[in-house]
1. Looking at region 351-374, I want the residues that are at pLDDT 75 or above and have a partner that is open to solvent by 80 Å² or more (accessible area, probe 1.4 Å) and of a type outside the set (D, E, K, R) with Cβ atoms under 8 Å, at least 6 apart or on another chain. Which pairs are those?
2. Mind checking which residues of region 144-168 are at pLDDT 90 or above and touching a helix residue (DSSP H, G or I) at 6+ places or on another chain (Cβ under 8 Å)?
3. Within region 756-768, does at least one residue satisfy the condition of being at pLDDT below 80 and either among the hydroxyl-bearing types (Ser, Thr, Tyr) or more than 30 Å from residue 620 (Cα to Cα) (or both)?
4. Could you tell me which of the residues 164, 185 is open to solvent by less than 50 Å² (accessible area, probe 1.4 Å) and either part of a loop (DSSP other than H, G, I, E, B) or touching an Asp or Glu at 6+ places or on another chain (Cβ under 6 Å) (or both)?
5. How many residues are within 14 Å of residue 221 (Cβ to Cβ) and at pLDDT 85 or above when one looks only at region 242-260?
6. Could you check region 742-784 and list, in sequence order, the residues that are open to solvent by 60 Å² or more (accessible area, probe 1.4 Å), within 9 Å of residue 438 (Cβ to Cβ) and more than 28 Å from the chain's Cα centre (by Cα)?
7. Please specify each residue of region 210-232 satisfying the condition of being of a type in the set (A, V, I, L, M) and either more than 33 Å from the chain's Cα centre (by Cα) or part of a helix (DSSP H, G or I) (or both).
8. Among the residues in region 268-285, are any open to solvent by 30 Å² or more (accessible area, probe 1.4 Å), in contact with a strand residue (DSSP E or B) (Cβ under 6 Å, 6 or more places away or on another chain), outside any loop (DSSP other than H, G, I, E, B) and of a type outside the set (Ser, Thr, Tyr)?
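The values are calculated or read from the model by the stated rules, or taken from the named source; none is laboratory data. Here the structure is a predicted model, which is why all the values come from computation and not from measurement. Note that we place each Cβ from the backbone using ideal geometry, even for glycine, and neighbour counts take in every protein chain shown. Each accessible area value is taken on the protein alone, full model and side chains, heavy atoms only, with ligands, DNA and RNA left out. Shrake-Rupley method; radii C 1.70, N 1.55, O 1.52, S 1.80 Å.
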Amino acid sequence: MDRLFQDLIVSFRRLRSSPGFTVAAILTLALGIGANTTIFSLVNAVVFRPFGVQNQNELVFFNMKTAQAEFPATSYLDYLDYRDRNTVLTGLAMYRIVPLNMSRGAGENSRLWGYEVSGNYFDLLGVKPIRGRVLHPEDDVHRGGHPLAVITYNCWQRRFAGDPDIAGKKVKVNGLDYTVLGVTPAGFVGTELIFTPEVFVPVSMAAQLEGYNWLDHRGDGNGWSIGRLKPGVSMKAAESAINVIAKQLGQTYPDIDGGISIVLSKPGMAGTYLRGAITGFSAVLMVVAGMVLLIACVNLASLLLARAADRRKDTAIRLALGASRYNLIRQLLTESVVLAAAGGTAGILLAFWLTDLVNAWTPPIDVPVIPHVSIDLRVMLFAAAISLFTGLLFGLVPALQSTRATLAGAMRNDAPSDKLRRISLRDILVTSQVALSVVLLIGSVLVVRSLQHALSLHLGFQPQHAAVVSFDVGLQGYDEERGREFQRRLLDKVRSMPGIESAGLVDGLPLTLSISNSSVYLEGKPEARPGDVPMANWYVVSPGYISAMQTRLISGRDLDARDKKDAPQVVLVNEAFARQLLPGQDAVGKRFRQGKATSGPWIQIAGVVEDGKYRSLGESPSPTVFQDIEQSWRSNTTLVARSPMPEAETVRQLRRAIGELDPALTIYEANSLTNELALALFPARLVAVVLASFGLLAVVLAATGVYGIMAYAVSRRTREIGIRMALGAAPSQVLRVVLLRTGVLLAIGTAIGLAMAFAGGQFFGQILYGVSPHDPFTYASAIVLMAVVAFVACWVPARRAINVDPLTALRTE
């Protein structure tokens with residue numbers, strides 16, 4: 001311990017005597033470790049965050065699979081069959097994400113999100129309350145008979161100021177009195193990793209909360225099912241057993257469950273629905289952050305090598321005086337570890353600051369999807385391990401090299417390792433640094449170009465000069481008759497306002513989280529199993545919506561006043577519907593049924609509109625239906641109004657119109673349509689910001705690395721340069737000598753980086769919109785930018801070389 005303490009004291013003294021080197025090394029590591037710690041914290045919060053339940057690894061999620069798609073939705077009646085007939089699960093629970101209004105009195109009405117859950121939800125998960133109690137199976141027996149609520153810890157603190165007597169208090173949820181049963185622990189916010197609800201209510205209250213009793217309709221897949229494996233049962237064995245039940249249901253209810261199988265997965269990301277996209281994005285972030293850390297470590301290794309070379313004479317003298325090689329290596333490694341520890345500490349402090357920025361940021365959507373990002377024990381251990389590994393690995397080679405010095409060579413200032421080998425370790429490090437930087441630079445340019453392409457995509461509507469206001473009359477206690485009347489009066493009022501060109505209602509805007517779909521049974525087509533029936537995106541709109549969105553009508557007519565509640569049902573379809581489901585035919589006038597092949601009214605196609613983007617910017621055109629709200633009423637709607645006025649003024653007018661009709665109605669979204677689409681652009685913007693930041697950081701680190709190797713080369717060859725200039729060498733000749741080797745290294749590193757980026761193009765391709773991962777313009781841009789950076793990094797040392805005074809150089813040791 002005394003020897004270690006002495007080594008630490010010597011290390012601190014030596015680092016303090018070289019402040020420039022010390023600051024550069026610590027900052028280099030801090031940037032790399034800080035970036036990695038922040039990204040790991042984010043991925044940890046989104047992908048690896050525990051639910052706060054018992055034995056989370058035993059939980060499984062039900063995904064419905066058809067011949068066309070895989071989706072998380074389960075109907076309530078199917079859920080009951082799976083729950084009661086399986087022999088491989090200790091229990092099966094259901095939950096559904098729903099918007100709610102909560103109030104404790106006049107003027108305190110607020111919109112929040114919650115879960116409708118089956119009564120066994122908390123018992124299955126093993127969640128215990130910190131106040132009161134949670135829901136139990138007996139609290140979810142009678143339809144509409146259990147107005148009970150359990151709130152989360154965050155809701156308790158934020159909305160009820162941590163009231164210790166909250167259990168038993170009354171609150172209004174969607175206009176109905178609910179009794180608060182208790183509060184969940186701080187670490188539990190449901191069973192979805194990227195969604196944080198505030199309240200849990202029994203699923204038996206669905207009809208009262210939503211205005212529609214989907215519990216009694218086997219075809220309405222509105223819930224998500226989560227189960228717990230019995231001890232000793234594998235997920236594969238459970239899946240096989242569950243699919244026996246699925247096959248039986250398909251035989252019993254062929255029109256609904258035929259052709260449907262079950263795929264079990266880990267819960268947390270809507271089953272398999274979001275898992276691929278989230279894990280892919282997380283993988284990109286982790287790999288890119290890891291590359292930045294690797295560049296920082298390579299930079300540190302270059303600095304340590306240069307420092308070790310400058311200390312060759314000192315090391316050789318100590319060896320000649322009897323110091324053991326082991327003691328010198330230990331001393332140098334101690335110094336490297338001290339540097340790494342200082343860099344790791346600075347990196348963690350930087351990560352705390354960056355995570356505070358992430359937590360302070362509010363995503364541009366109404367749904368609380370981003371959990372709290374924190375640096376927990378696992379993240380701290382991750383950062384500490386990186387720091388220790390960096391110090392040991394990248395300090396060992398310089399320590400070994402410096403202790404090989406001979407006294408005679410060191411006194412003459414020879415550089416034997418560089419002369420005996422055509423390629424030195426420093427050359428390899430610089431080449432690696434440039435190659436990695438080129439890869440990150442190409443990725444950064446690709447995602448920035450992808451964002452530019454996303455911003456210029458034709459969406460099938462025009463978001464500019466349109467304003468939107470969202471509300472739900474059902475949450476305010478309106479029944480269907482009153483709700484229809486309110487919607488009609490609101491449209492009439494808005495359309496009569498000065499400056500409003502057109503206005504309409506829709507149950508969910510495209511490119512937001514609000515979208516539904518339905519099966520389509522075409523008249524005259526052979527009847528297919530439900531699993532093989534084509535699906536279409538389904539929107540419920542009012543007359544005027546197509547005009548307000550400026551979606552082009554291709555053929556037929558628009559929805560209008562003729563399409564009343566009791567009139568024959570008509571819809572609009574998009575070009576993809578006509579092209580894929582009715583190839584070579586005129587779609588106008590054709591009929592189909594929704595949901596079932598043998599029941600329900602025939603729906604006639606009145607017109608065809610242009611294709612658009614509905615779910616994501618990267619999707620291919622998909623069949624889409626627009627149904628008149630008079631013929632399929634919805635309480636949850638968004639008002640879209642188009643006006644040449646500034647969008648903020650249009651929003652104010654829409655708010656005022658709603659307030660004049662019902663001052664108590666909660667408006668949960670009021671914005672321009674352009675800003676409302678921020679969710680669709682959010683992944684592209686986030687990736688562009690992160691990768692551009694990492695790309696810039698990589699370029700800065702590469703520039704400092706090239707500068708360092710050039711400066712070191714000039715300092716080591718000062719005597720040689722002086723002799724050349726004393727013998728009459730021109731400055732251009734000196735520059736050529738100095739730059740030639742570095743230029744070759746830069747060219748090799750750039751070529752290797754281009755090859756790596758090309759080989760890994762598909763890795764970046766999963767986060768790109770409309771841009772090829774092998775885009776020639778991007779590769780050319782990266783080459784030019786890296787060349788400019790390298791030139792700037794080389795220029796200062798090169799100028800120093802041609803300004804060397806021959807007499808001074810000849811006297812240099």
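1. Between residues of region 351-374 that are at pLDDT 75 or above and residues that are open to solvent by 80 Å² or more (accessible area, probe 1.4 Å) and of a type outside the set (D, E, K, R), the close pairs are 359/372.
2. Correct list: 146, 147, 148, 150, 151, 162, 163, 166.
3. The answer is no, given that none of the residues of region 756-768 is at pLDDT below 80 and either among the hydroxyl-bearing types (Ser, Thr, Tyr) or more than 30 Å from residue 620 (Cα to Cα) (or both).
4. 185
5. Adding up the residues that qualify gives 4.
6. 752, 783
7. Matches in region 210-232: 215 only.
8. No, there is no match, as no residue in region 268-285 is open to solvent by 30 Å² or more (accessible area, probe 1.4 Å), in contact with a strand residue (DSSP E or B) (Cβ under 6 Å, 6 or more places away or on another chain), outside any loop (DSSP other than H, G, I, E, B) and of a type outside the set (Ser, Thr, Tyr).
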